[in-house]
Amino acid sequence: TGIVVTGKKAGTTARKIVITFKNKKTKKTTNLTTKVVVKAVEQKPEEEKLTMTAAVKGVKTIEVNFNKTIASPDAVKVTVKKGTAARDCKATVDGSKITLAMEAKLTAGTYTVSVEGVDTAAMTADVVVEKDETLTSFEISDYLVAKSVTDTTTGSIKYAALNQYGEKMSSTQPTATCSFGSDVTIEKAATATKEGVISVKNINTTLA
């Protein structure tokens, strides 16, 4: 009762075509010449393939990113291994990102991250930790606190020891010097959770 003609060359004006019918029983063919307006074939866009990448963001942090939002966060299961040894971690899903808080510090080597529950099959990615946690810089407060209102020739400056990720870390007592005091010592060493303190004594009276 009706035939729909589709093709790549669609148009709005009628075109002359020939349709051939074949009788399955008699094998006889019949040609019909007619005019039709060709409808465009609906092209469904190809679905973007799901991809996963992983990168080290801190001495105890790995970040996993997908190119699509994770549909079922509660179904996600993450495994981290260094070689054959599994490493404990806590996974937090946020949109298309999973943040892994490691139980222990990441050391030099290759870690394999495996994620289940995002795609039909488990997805994996390797991350390379180039070196163990390393002290790379010190962050020093830009102000000095006087010992008291009356004793301004003695003061203290807070400082932090930073690793290669810009995070605070513990450090052995460094050597500190300054241009405005003759007696400079490390009063408290810096740790991963607390800043250290540099003590400065004999501050020039004019500056004090």
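In this structure, ALA104 and THR172 have a Cβ-Cβ separation that, at R0 = 22 Å, corresponds to a calculated FRET efficiency of about 0.55.
Rolling a 1.4 Å probe over the protein heavy atoms of the range 101-173, with every protein chain left in place, gives an accessible area that is 50 percent carbon and sulfur.
Accessible surface comparison of ILE203, ILE3, probe 1.4 Å, protein chains only, largest first: the order is ILE3, ILE203.
Free of any GluC sites (Glu not before Pro) that DSSP assigns to a loop and that have at most 15 other C-beta atoms within 10 Å, the longest stretch within the chain is 131-208.
The trypsin sites (Lys or Arg not before Pro) found in the range 1-110 that occupy coil by DSSP, while having at most 15 further C-beta atoms within 10 Å, are LYS8, LYS9, LYS24, LYS25, LYS27, LYS28, LYS49, LYS68, LYS105. Looking at the P(r) of the range 63-169, how many percent of alpha-carbon pairs lie beyond 19 Å? Result for the distance tail: 59 percent.
At 1.4 Å probe size, with the rest of the protein present, what percent of the exposed accessible area of the range 39-90 is carbon and sulfur atoms?
Result for the range 39-90: 46 percent of the exposed heavy-atom area is carbon or sulfur.
Quantify how much of the Cα-Cα distance distribution of the chain extends past 30 Å, in percent.
On the way: 12633 of 21528 pairs.
Summing the P(r) tail past 30 Å for the chain gives 59 percent.
Net charge in the neighbourhood of VAL80 (other residues with Cβ under 9 Å of its Cβ; Lys, Arg +1, Asp, Glu -1) is +2.
Globularity index of the range 1-118 is 2.13 (Cα radius of gyration / 2.2 N^0.38 Å, N = number of residues). Select from GLY11, GLY109, GLY155 the residue whose mean-square fluctuation is largest in a Gaussian network model of the chain (Cα-Cα springs shorter than 10 Å). The residue with the greatest mean-square fluctuation here is GLY11. If R0 is taken as 35 Å, the Cβ-Cβ distance between ALA86 and LEU135 corresponds to a FRET efficiency of 0.75. Computed with a 1.4 Å probe on the full set of protein chains, the accessible area for ILE140 sits at about 110 Å². Separation of the range 144-190 and the range 1-79, taken as the distance between their Cα centroids, equals 66 angstrom. Across the range 92-116, the residues whose backbone nitrogen lies under 20 Å from the label position 7 Å along the beta-carbon direction of LEU50 are 92-100, 112-116. Solvent-accessible area per residue in the chain equals 70 Å², computed with a 1.4 angstrom probe and all protein chains kept. Working note: Cα atoms of the range 162-204, range along each principal axis, descending, whole Å: 37, 16, 13.
The values are calculated or read from the model by the stated rules, or taken from the named source; none is laboratory data. In this text, all values refer to a predicted model and were calculated from it rather than measured experimentally. Positions of Cβ are generated from backbone atoms using ideal geometry, with glycine treated the same way; all protein chains shown enter the neighbour counts. Surface accessibility is based on the protein's heavy atoms, side chains included, excluding ligands, DNA and RNA. Shrake-Rupley method; radii C 1.70, N 1.55, O 1.52, S 1.80 Å.
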